[in-house]
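First comes the structure, then the notes that go with it.
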């Protein structure tokens, strides 16, 4: 009876730990579905890391649960102190760290590749958009055509359920065409962040930062200034 009770406790604990595996993006427990090529690579890398971590967690939970049930002993029992001297123990200390290090280096290498691609703007024809942060609104300028629009938040009476998440003018980007973003600020620090685009970039006064991406699907994507910029920081939504 005691063994069954311990088994149920182990299974219940494992279920609680593994419950996030079933998390859905709509509930905010995961990254949102990507809308650009760079966001898709980041999402794929994130999910790969998540699955590997979940598998390792499950393995550890199973081993710990098995050990608790299999090797229960009475109080005062002296455990075997020679495990590390056995062949299995010796190879375990060697193989397990090598496997863990190999997985870590693989993930780190892929992450470095994605970051280098995101921050290195390639040469070639691209749509160039200058993004300027103001207290407390955004200015978008399409450098190729000279079109400039100011994007401000929509008041509560008009926005209704989208209050602090909607703007009067939206940033419009073409699907399938690379877009180069030039970020700057007219006053204080701001940060341009739309999760579905796959990047967050600081807008610094007197300095221009850049990044790029290629939209892959149509849709309306909402973001927010991600740098505390003053009293009405919350009134700087971004809609793409």
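The values are calculated or read from the model by the stated rules, or taken from the named source; none is laboratory data. Computed from a predicted structure; not experimentally measured. With ideal geometry, Cβ positions are generated from the backbone for all residues, glycine too; neighbour counts draw on all protein chains shown.
If you check 219, 223, 176 for being out of contact with any helix residue (DSSP H, G or I) (no Cβ under 6 Å at 6 or more places or on another chain) and not in a loop (DSSP other than H, G, I, E, B), only one passes: 223. Scanning segment 74-92 for residues that are in a helix (DSSP H, G or I), exposed (fewer than 10 other Cβ atoms within 10 Å of the Cβ) and modelled with pLDDT of 75 or more returns 87, 88.
Which of the residues that make up segment 114-143 are within 16 Å of residue 237 (Cβ to Cβ) and assigned to a helix (DSSP H, G or I)? The answer is none; no residue qualifies. Looking across segment 110-126, just one residue is within 25 Å of residue 52 (Cβ to Cβ) and surrounded by fewer than 10 Cβ atoms within 10 Å (Cβ to Cβ), and that is 116.
Looking at 150, 166, just one residue is assigned by TED's automatic domain parsing to the domain that holds residue 216, more than 14 Å from residue 132 (Cα to Cα) and in contact with a strand residue (DSSP E or B) (Cβ under 8 Å, 6 or more places away or on another chain), and that residue is 166.
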